[in-house]
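Structure record follows, encoded as structure tokens.
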Amino acid sequence: MLTALYVMLGLALLLGVVLGYSALKFKVEGDPLVARIDAILPQTQCGQCGYPGCKPYAMAIAKGEADINQCPPGGDAGVHALADLLGVEYKPLNAEHGLPKPKSVAVIDENVCIGCTLCIQACPVDAILGAAKHMHTVIASECTGCELCVAPCPVDCITMEPIAESPANWKWRYPVFEIKPEPAVTRKIAE
Amino acid sequence: MNAIVNLSELIKRKLGKTGLSSFNGGVHPPQHKLESTTSPIRPVPPPARLVLPLRQHVGNVSKLQVATGDHVLKGQLLARADGQVSAAVHAPTSGTIAAIDNQLIPHPSGLPDISITLEADGRDEWIARQPLDYKAMSKQELLDSLREAGVVGLGGATFPSHIKLREDARHPVRTLIINGAECEPYISCDDMLMRERAAEIVRGIEIMRYLLDAGRCVIGIEDNKPQAAAAMRAAAADSEVAIDVAEVPTIYPGGGAKQLIKVITGLEVPSGRLPSEIGVQCFNVATAYSVHRLVHHGEPVISRIVTVTGHVGHAGNYEVPLGMSIRELVELAGGKAIPELIMGGPMMGFNLPSADVPVVKATNCIIVPDSAMFPEPPPALPCIRCTRCADACPANLQPQELYWFSKSQNLDKAREYKIFDCIECGCCTYVCPSNIPLVQYYRFAKSEIIAQDRAREAADIARERNEFRLKRIEREKQERAQKHAQKAAGAKTEAAPADDAKKAAIAAAIERAKAQKAEMTPKNTEAVSPVVAAEIAEIETRRAEVQAASTTEARTEEKQSTEEAK
């Protein structure tokens, strides 16, 4: 009886030490779920979801405060991926947060720009180059198309231009075949 | 199915004697090479107008070096290679740059791209050509001149050759393979080049071999080209270095780089790796020829051999200046420039968006089809999972699985099943009893995966930049707060002595000013009459009285106002 108790006590102590040690040794920094949600989000940093960036939205989803259908740049595919990851039901995009648009980049009309730096302060990814009272320009390759620079511009010189299709970014289409009536059938119809 | 097995058995038995190996699958489509090999290569004079796209190779778009209105000579540099993976573009004839704008290019997208339009002046005047003494110069210099001469793989992939010719200490190239297999039906440009210019090709191979320091060098030629093989063998015998000629069995796609490497060396290029990583490098014969033209004649790549065949009057091979309109070329060959022209072969080629596109470095063949040659494929039927495609696949893939995944857009699965090892040879489509255009599905899935990867990469960069920005803002805020705190603390401790010093300085300054005032006589009262002086004195006393009165008044008022405030 006592031996059994000792054995159990000993085991409990031993396992407790092992568990305590591994909790310290293999401690996970941060919330891995947030990182996984953040990896799915498109990192546009546009704030259309109602949070100041993709990471805060990811944290809100992880906490269960936000829904998965608030990210228009992520599109339907993004909602599907989030639903798969979190094991929840798919929901169509919430139109309140905007509709998906073709990917665009901001373009500054350099003749109109007065060099006020307001857009530079608004850009979430530092994709606008310029200094006070000097012309600004957008680094197109870094622009996420979030449109956050458009509103602050006092002279309305920033426009969003959709990225045009070129031989460099062209994609093969999904094979679609035209259904043609058989010649014999058309002849019959003509008759 | 039985037929295929028997064929590969036959080939294996035949190969047993030659020391060559074989690859899985492959098909035997009708050759149709005789039509275009009856007459020698015909040179084509430069036309009046040439269009030269800046994207004729894999990699970065070349950087423009000329402006509209410039006069250029034949062989002059028009656009420089931008970065390592890029190649230059040169003027195929002398003339004037008429325009630099977007023009339709031979690309399956049918989209226009930046191109240079050159109006020929008819003189066809060369710039000074300087042959290179390649053994006297460093290997890097030679590679740089290849890059500047726009030498790219002319088999169709147009990958810049100088990158493949770089010596890599980690993966020394043991076997250099020169690809003269030309397995695709209808195409005969490499065949004719080998028949007519074997010695020149061998000169080019010698330079490539020198650059790579390769121990073994083999020219692979399919056994349906005995004349080319004989010519190459004779030329190789004259060479000072040992070059073997291997006649490989005719089977499509035996001319694919990985397939030819397997046949000649018996080595298989692992999935997702490059041939150079297993010590093999493979070049097209036409690429070797253009290396020779550069080194021994100082000529950059400004023309190429193009097979024009199909429904034309004079099917054959033409040495065409790059940038010539395909419409003109087809009409020169006695054909009709119909909109359904095919660039490349019937297996891997694509329909040109229009006949009004230029010949580029990738243009190895133009087929003018008619309905009898390529009848409309019957409608696709459902897949019956017969796996004939898997038997035919030269890349050892499972095409039927890839088809399911591509069709359902299950891209992760398609990637897992190695869709990027697919060379899009079309063998699966060729054997499919349900007539499913399998390759079209693979192309769709591949470009979709590439686009996804690019989007993910861009998102990663955006995340990093956003995080950096937030960190920066936080840091700036802290710095500002620290500065403010320092100032506030400084006001209490350091300010006291500083204030004293300041006060002392001010007091001293006031004293000085007073002394100065006292010293100098501000009023010009020295040289006046006593009457005037008396008047002045009177006025001064009055002023003093008034001043005294006003100051007392002000003081009382002040007192009053403070009392009221209280």
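The values are calculated or read from the model by the stated rules, or taken from the named source; none is laboratory data. Keep in mind it's a predicted model, so treat the numbers as computed, not measured. Cβ atoms come from the backbone with ideal geometry, glycine included; neighbour counts cover every protein chain shown.
Quick notes on this structure:
Condition check ((1) touching a Gly at 6+ places or on another chain (Cβ under 9 Å); (2) more than 14 Å from every other protein chain (Cβ to nearest Cβ); (3) closer than 30 Å to residue B:22 by Cβ) across all residues:
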residue	(1), (2), (3)
B:86	yes, no, no
B:103	no, no, no
B:121	yes, yes, no
B:135	no, yes, no
B:138	no, yes, no
B:150	no, yes, no
B:154	no, yes, yes
B:184	yes, yes, yes
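- Screening the candidates A:77, A:106, A:60 for the property of being outside any helix (DSSP H, G or I) and not charged (D, E, K, R) yields one hit, A:106.
- Any hit, the stretch A:62-70, residues being within 11 Å of chain B (Cβ to nearest Cβ) and within 20 Å of residue B:470 (Cβ to Cβ): no
- Where strands (runs of 3 or more DSSP E) fall entirely within the stretch B:156-269, those with at least 1 residues that are under 22 Å from residue B:362 (Cβ atoms) are at B:175-179, B:216-222.
Listed here are the residues, each with its yes/no results for (1) assigned by TED's automatic domain parsing to the domain that holds residue A:123; (2) within 18 Å of the chain's Cα centre (by Cα); (3) under 17 Å from residue B:460 (Cα atoms).
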{"residue": "A:5", "(1), (2), (3)": "no, no, no"}
{"residue": "A:14", "(1), (2), (3)": "no, no, no"}
{"residue": "A:19", "(1), (2), (3)": "no, no, no"}
{"residue": "A:26", "(1), (2), (3)": "no, no, no"}
{"residue": "A:48", "(1), (2), (3)": "no, yes, no"}
{"residue": "A:67", "(1), (2), (3)": "no, yes, no"}
{"residue": "A:73", "(1), (2), (3)": "no, yes, yes"}
{"residue": "A:85", "(1), (2), (3)": "no, yes, no"}
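- Single residue of the stretch A:142-179 satisfying the filter (over 30 Å from residue B:441 (Cα atoms) and small (Gly, Ala, Ser)) that is nearest to the other protein chains (Cβ to nearest Cβ): A:145
- Selection from the stretch B:4-29 of residues that are at pLDDT 75 or above and over 35 Å from the mean Cα position of the chain (by Cα): B:19, B:20
- The set of residues in the stretch A:8-55 being surrounded by 10 or more Cβ atoms within 10 Å (Cβ to Cβ) and of a type in the set (Asp, Glu) consists of A:31, A:38.
- Look at (1) more than 14 Å from every other protein chain (Cβ to nearest Cβ); (2) closer than 25 Å to residue A:96 by Cβ; (3) polar (S, T, N, Q) and you find that residue A:44 fails only one, number (1).
- Extreme residue, surrounded by the fewest Cβ atoms within 10 Å (Cβ to Cβ), among residues of the stretch B:396-415 that are of a type in the set (S, T, N, Q) and under 25 Å from residue B:262 (Cα atoms): B:396
- Yes/no for residue A:99 being more than 23 Å from residue A:152 (Cα to Cα), touching a residue at least 24 places away in the same chain (Cβ under 8 Å), of a type outside the set (Phe, Trp, Tyr) and out of contact with any Phe, Trp or Tyr (no Cβ under 7 Å at 6 or more places or on another chain): no
- Boolean, residue B:86 is hydroxyl-bearing (Ser, Thr, Tyr), within 21 Å of residue B:361 (Cβ to Cβ), out of contact with any Pro (no Cβ under 7 Å at 6 or more places or on another chain) and not in a strand (DSSP E or B): no
- Hey, residue A:52 under 24 Å from residue A:127 (Cα atoms), facing chain B (nearest Cβ under 10 Å) and free of Cβ contacts under 8 Å to residues at least 24 places away in the same chain or not: yes
- Residue that is nearest to residue A:140 (Cα to Cα), among those in the stretch A:112-128 that are free of Cβ contacts under 8 Å to residues at least 24 places away in the same chain and surrounded by fewer than 16 Cβ atoms within 10 Å (Cβ to Cβ): A:126
- Scanning the stretch B:362-390 for residues that are out of contact with any Phe, Trp or Tyr (no Cβ under 7 Å at 6 or more places or on another chain) and under 24 Å from residue B:35 (Cβ atoms) yields a count of 14.
- Positions within the stretch B:370-387 being farther than 12 Å from residue A:177 by Cβ and free of Cβ contacts under 8 Å to residues at least 24 places away in the same chain, in sequence order: B:371, B:372, B:375, B:385, B:387
- Condition met for residue A:68 (surrounded by 14 or more Cβ atoms within 10 Å (Cβ to Cβ) and touching a strand residue (DSSP E or B) at 6+ places or on another chain (Cβ under 7 Å)): no
- Test for residue A:58: is it within 14 Å of chain B (Cβ to nearest Cβ), loosely packed, with under 14 Cβ neighbours inside 10 Å and closer than 20 Å to residue B:469 by Cβ: no
- Residue that is farthest from the other protein chains (Cβ to nearest Cβ), among those in the stretch B:446-459 that are in contact (Cβ under 8 Å) with a residue 12 or more places away in the chain and surrounded by 16 or more Cβ atoms within 10 Å (Cβ to Cβ): B:449
- Given (1) closer than 23 Å to residue B:319 by Cβ; (2) polar (S, T, N, Q); (3) surrounded by 14 or more Cβ atoms within 10 Å (Cβ to Cβ); (4) away from chain A (no Cβ under 14 Å), number of the condition residue B:96 does not satisfy: (1)
- Residue count for the stretch A:75-89, restricted to those that are touching a helix residue (DSSP H, G or I) at 6+ places or on another chain (Cβ under 7 Å) and in contact (Cβ under 8 Å) with a residue 12 or more places away in the chain: 4
- Residue B:466, sole failed condition from (1) over 25 Å from residue A:121 (Cβ atoms); (2) touching a Pro at 6+ places or on another chain (Cβ under 6 Å); (3) within 12 Å of chain A (Cβ to nearest Cβ); (4) surrounded by 14 or more Cβ atoms within 10 Å (Cβ to Cβ): (1)
- Taking the criterion of being touching a residue at least 12 places away in the same chain (Cβ under 8 Å) and either within 14 Å of chain B (Cβ to nearest Cβ) or not in a helix (DSSP H, G or I) (or both), the residues of the stretch A:1-34 that qualify are A:31, A:34.
- Subset of the stretch B:405-445 (residues that are over 26 Å from residue B:184 (Cβ atoms), touching a residue at least 24 places away in the same chain (Cβ under 8 Å) and within 14 Å of chain A (Cβ to nearest Cβ)): B:405, B:407, B:409, B:411
- Inspection of the stretch B:476-491 finds no residue satisfying the criterion of being outside any helix (DSSP H, G or I) and within 14 Å of chain A (Cβ to nearest Cβ).
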